[in-house]
Each structure stands twice: as C-alpha cells, then as structure tokens.
Amino acid sequence: MKKSLIKQFKEAVSDLGSVKNSTLGKAILALSTSDQRHRANVKFIQATSADQAWAEVTKELAPLPQNIWVRIDVIDGVQRRPLADLQQDLKVMTRMNFWRRGVSFDTDFKTALLEMEINGHEFFHPGENHQVGKNQSDSWMDFEQITDYLAKRSGNTPQDLADSKYIWSFNTFGIFSDGEQIWPLSSLEDGTTGIRQLANPKQEIKTYLTAGEDYLARQIGDDGKFIYGYFPAMQRVLSNYNSVRHFSSIYALLEAIAFTGKHDEKLAKRALEWGIDNLTVSKDGALFAIEHPKQGSPEIKLGAQAMLILALCKYQEVTQDAQFQDLAVQAFRGVVAFRQPTGRFNHVLNPDLTVKDSFRIIYYEGEIAFALIRLFELTNDDEIRQQAQQTLDFMVANEYGKYHDHWIAYATNEALQAFPENRDYMVMGLQNAYSNLQFIEEQVSPHPTRLELLNAAVRLIDVIQQTGNDGLLEKYDVQHLREVWQKRAEHELAVGAFEPEIAMFFYRPAKFVGGFYTRNDHFRTRIDDCEHFLSGLINYYNYKY
C-alpha cells in the first residue's frame, strides 16, 4: 500500500481527535483489514505515543494491496465495570446484537474486542426462549467461543475469561477506506456507531441502490427462484420460502431496473415465470397465489394475491410488454373469493377456497387495495375500479388510518390518482401518516417500511395541496413531516445497509455488500428486507431529487 494513502488515513483520523488516550496514557488503535473474501483481520496496536502507533500501522499496511478494505478505530471513553453488571445488562436487553460498545477483559487490552467483532461473530447469544420483537433477548456471553477467537487472533490463549471480575467497555472513533475514498465513522449512540458518516447523501444513496440491485439480482437462480436469505452472523442460508416475498421482491427489482437501467428485464421475467409456474394455481378461470409451507397445509393468502397482481402490473409498466396482463386479470377474479358479503376480506383460504383464517395481519387490506388500483390504471376496467373503491370505502368506514401502515399509505396515495376528489381517502391517508410520526422519527433501529409510509405521505400531501384541499392539513405540521422524511431516509441507509465497514466482519464479506440487514435477528438479510429498503430508498430518491 502506498505511503501517501497511509498518510491520508493518519490525517483523517487526526481530524477526529487525539489518538493518545489521556486516561490510559497511551495510544490504542484497532486496525481491521479484509481482502473482501474473508472476515476482517483485527489487530490491536498499543504505543506510548501517536507517532509510534502510526509507525506500527504503516508497518502492517505497507505490504497489503491498495484496494484492501481498511478500518482504523481509536479506543476512546474507557470505563471499568463489574462483569456481572454487563451480564445483567445483556440479559435484559430487548434486542439481540444491540450491544454497541467494545469490551476488554483486561486493563492492557490484550483481550479487547471491537463492537463489530462481538456482533459479527455473535459472541453474545440470545437466550433459548427469545422471540424477535416479542420479549427480552436474555443474551449471554459465549466465553468458550470468545476464548477460541482471541487465541486464533493473537496466538495466545487468554486466561479464563468467565472468572474476570471486571471488564472495560469502550467507545471508538475512526475511519474506513475502500482504497479509493475515506469515510469518518460515526461515534454517536443513535444506532450509527461505527458506520460511515454520509458526506453526500444524494450520491451515496444512488450508489448503494445500484449495489442493492446487484445484490438482489444475484439472489435469482438460473431457474428464477430466489435464494431466500441468510443469517450472516451464524453463517447460515435460510431454507424457507414465501410467495408474498417472492412477488414483492420481483416488484422491487423492477423498480431498481427502471431506476438504474443496469440489469436486463429478462432477469425479473425469469423470476416472474418461476413464481407463476410454482406459486400459483388456477381454479374456474381465476388465478391464485398459493403457499406451500414447510409445516402445515398449503394456503392461499390475500397478501400474496395482492403482490402477484402488483408484480404482473409492474412488469408491464416497466417493460411495456403486456403478455402477463391476462394473468393479472385472472388474479383479480381470484380476489372475489376472499370477499365477505359485508365487504370485509377473509385473509387466508384453503386450496379448496374454504376459509382458513378470517384475519391474519392488518397489512392485507392495504396491499389488495393498492393492487386493485394499479390494475385498474393498467386496464381501465370498470369492474376492477368498483372493487378497488369498495375496498377503500370499507377501510375508511373501519378507520384503517389508525394503523400507520405503509400499504395503507401506498393505497390512499394511489387512490387519489383514480379518485382525485375523494376527501375521505385523503383524511385516512393523513391520519395513517401522522398517528405514529414521533415514534418513526425517534426510532433507532432500521424500519424501511416507515420510509415507504413517509414517501407516500409526502406525495399525498402534495396532491392535497395541488387539488385545493389545504383545509385538511390545518391540524398537521407539513414541514416537520418532510424533515422526518429526509432524516429517516438517510438513517435507513446508515443503519440498514451492508456497507463494507460492516460486512467486513462477516464471512465472505463481498457477498453481502448491497444487501440490507435486520440487526436484531442475527443480522438477517432476506429478500424482503432488500425489497423494502430498495423500494423505500428508490421512491425517496426519485421524489426528492
């Protein structure tokens, strides 16, 4: 590696703060490097002066290639704590992998671990009874696994870590470089710890969306079926499958193809044809999306029916190829089988079209309303328009605006394209957007569907103003919603994208760049995680920029 680049690293770190820690009386740096094919090699460097520390960094980096991933963390904000206290904190932590500080088991930092070493290897495991999003994580420290890792990292087996009376927790500040650009890493405890600070959000969102399209495209096999997902922290491939997520991922891929123009539409067509062949069934001239779960009997879900229609419509919109329009209309005929005489939908049917579950999840009405409006816009069929309006009217009558759901946001926003004078839909859309705005603004963890909701809400407000219905907005803070919208978009990218400075701590790092993860579920990256992030960020970028 060129000395000039190493000098730039030194200057970039120095701009963030002093390398020498005044409390410790020495400089401690963690140098992490990855060739993009293997997990990061982490080396803690200690010296009595900053110059000595940087001399050691130079020695380590000099023989490495220019384009290697390099992350340099400076140890800062050290605090001694009883090990028992940390163990108790982990036990009551509500979400796994949300310990965001480094830990050392000795005062000399010979057994120090960066936050992402801990989380990338999942050294802190959730308890056996933990259910993601439902109860506390009951996390515990895997001393055996940590000991094995430290022994391999340093060549020396550490003392019995479980017998340690104290640990030393620490924060870091530092930089990351891919060999071409240097990013300062955040040291804020707002969910962005150790993640690049966006220098140019517009460009960086666009760049990552291209990587995101590449990632989702790589998940499609030669037969058109997706690799469903991974648990990168556990080095596991997910074996489940889901018809809703198959068709919704095709929809997002088509959005990405239209956005970048990079991938051939034939890729989406291959996935669509596999879904039609393997995830649908025809009955009496109607087409149904069908689920074949690993356990239990097959089922026909309203949400999958909606996503089938949306994917078929999106393909025609992007490609101008109408070959699947008849199938979309057949899928519309299937919607009638879900509807009760009252206008309410049954959510899940058995293969013989008897009712399995009258209610499954609140998303389904918004999904099917959105799908029906999109299909009406494509076909101009009056029967489809009537069914869409009946669904929307049912949602208004049953106060669906209180559910702050992104599909309701999509549906109400799209409804104003077909029914531009309907103030009831405007009112429902506004309530849906504002009923949970403070929570959305303050949420630390990524939640891409919230960005999708805000995208639709901003568009909805603009339509309301353009159509002279400003009176509906008098009790709402329009400017604040737009501020939250931008803040949320940039935060979603920061805390949900597998940027290299995060991916480098997992197996086969380059494999995950372009993906999006759910930190509190073993850093899960599943096709629906990717489709929600892609849809949210693409629609944000298109409308804002």
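Nothing in this text is a laboratory measurement; each read-out follows from the coordinates by a stated rule. Given the structure is predicted, the values throughout are model-derived calculations rather than measurements. Positions of Cβ are backbone-derived with ideal geometry, glycine not excepted, and every protein chain shown enters the neighbour counts.
How much length, in nm to one decimal, is gained on full extension between D264 and N67, taken as 0.36 nm per residue of separation minus their Cα-Cα distance?
Working it through step by step, the gained length comes to 68.0 nm.
Set Lys and Arg Cβ to +1 and Asp and Glu Cβ to -1, take the dipole of region 360-439 about its Cα centre, and tell me which of Y363, T379, S435 lies farthest positive.
Among Y363, T379, S435, the one farthest towards the positive end of the dipole of region 360-439 is S435.
Filter the trypsin sites (Lys or Arg not before Pro) in region 412-508 to those in DSSP coil with at most 11 other Cβ atoms within 10 Å of their Cβ, and list the result.
Passing sites in region 412-508 are K475.
Compute the normalised compactness of the chain: alpha-carbon radius of gyration over 2.2 N^0.38 Å, N being the residue count.
Expressed relative to 2.2 N^0.38 Å, the Cα Rg reads 1.06.
For the pair R360 and T94, how long in nm is the line joining their label points, each one 7 Å along Cα→Cβ?
Distance between the two pseudo-spin positions: 2.8 nm.
Given the DSSP H assignment, sum -39500 (n - 2.57) over each helix run of at least 4 residues in the chain and divide by its residue total; what's the result at 222 nm in deg cm²/dmol, nearest 500?
It comes out at -15000 deg cm²/dmol, rounded to the nearest 500.
Would you give the gap between the C-alpha center of region 418-441 and the C-alpha center of region 260-308, rounded to a whole Å?
Using only Cα atoms to place each centre, the spacing works out to 30 Å.
How long are the semi-axes of the equivalent ellipsoid of region 192-334, taking √(5λ) for every eigenvalue λ of the Cα gyration tensor, in whole Å from largest down?
So the equivalent ellipsoid measures 29, 20, 12 Å along its semi-axes.
Among K262/K294; K294/K356; K301/K475; K266/K356; K91/K165, which pairs are too far apart, with a Cα-Cα distance over 27 Å?
K262/K294; K301/K475; K266/K356
To the nearest 20 debye, what charge dipole does region 402-499 have about its Cα centre, counting +1 at the Cβ of each Lys and Arg and -1 at the Cβ of each Asp and Glu?
With Lys and Arg at +1 and Asp and Glu at -1, about 120 debye.
Nearest 20 debye, what's the magnitude of the dipole of the chain about its Cα centre given +1 on Lys and Arg Cβ and -1 on Asp and Glu Cβ?
With Lys and Arg at +1 and Asp and Glu at -1, about 1220 debye.
Using +1 on the beta carbon of Lys and Arg, -1 on that of Asp and Glu, and nothing else charged, what's the dipole of region 279-398 about the Cα centre, debye to 20?
Value, rounded to 20: 360 debye.
Residue-wise, which Karplus ³J(HN,Hα) couplings in Hz belong to region 214-231, taking 6.51 cos²θ - 1.76 cosθ + 1.60, θ = phi - 60°, and x for glycine or proline?
4, 4, 5, 5, 5, 7, 8, x, 4, 7, x, 8, 7, 6, 5, x, 9, 10
How would you classify region 279-398 from its alpha-carbon gyration tensor, with a ≥ b ≥ c the square roots of the eigenvalues: rounded for a/c under 1.5, else prolate if a/b is greater than b/c, otherwise oblate?
oblate
Which loop trypsin sites (Lys or Arg not before Pro) in region 222-271, with loop taken from DSSP, have no more than 16 other Cβ atoms within 10 angstrom of their Cβ?
K262
Under a cut-off of 14 Å between alpha-carbon atoms, report the aspartates and glutamates in cross-link reach of K206, not counting same-chain residues fewer than 8 places apart.
K206 reaches D214, E255, E490, E492, E499.
Counting other beta carbons within 10 Å of each residue's own, what order do D15, D108 fall into, fewest first?
Ranked by crowding around the Cβ, least crowded first: D15, D108.
Work out the charge dipole of the chain with +1 on the Cβ of Lys and Arg and -1 on the Cβ of Asp and Glu about the Cα centre, then indicate which of G275, L534, V495 is farthest towards its positive end.
V495
Excluding residues on the same chain fewer than 8 positions from K283, give the aspartates and glutamates whose Cα lies under 18 Å from its Cα.
Partners within reach: E291, E299, D326, D352.
For D382 and E189, FRET efficiency with R0 = 56 Å and r from the beta-carbon atoms, rounded to 0.05?
0.50
What is the angle, in °, between the Cα long axis of helix 527-544 and the longest principal axis of the Cα atoms in the chain? Nearest 10 is fine, range 0 to 90.
Roughly 80 degrees between the two axes.
Among L5, Q88, A322, whose Cα lies farthest out toward the positive end of the dipole of the chain, if unit charges sit on the beta carbon of Lys, Arg (+1) and Asp, Glu (-1)?
L5
What stretch of the chain, leaving out the sites themselves, is the longest with no GluC sites (Glu not before Pro) in a DSSP loop having at most 13 other Cβ atoms within 10 Å?
With GluC sites (Glu not before Pro) excluded where exposed in loops, the chain gives 190-398 as its longest stretch.
Apply the a/c threshold of 1.5 to the C-alpha gyration tensor of region 3-197 and tell me whether it is rounded, prolate or oblate.
Prolate, because a/c is 1.5 or more and a/b exceeds b/c.
Whole-Hz Karplus ³J(HN,Hα) for region 467-476, in order, using 6.51 cos²θ - 1.76 cosθ + 1.60 and θ = phi - 60°, x for Gly and Pro?
Calculated HN-Hα couplings, in order: 9, x, 9, 4, x, 5, 9, 4, 8, 10 Hz.
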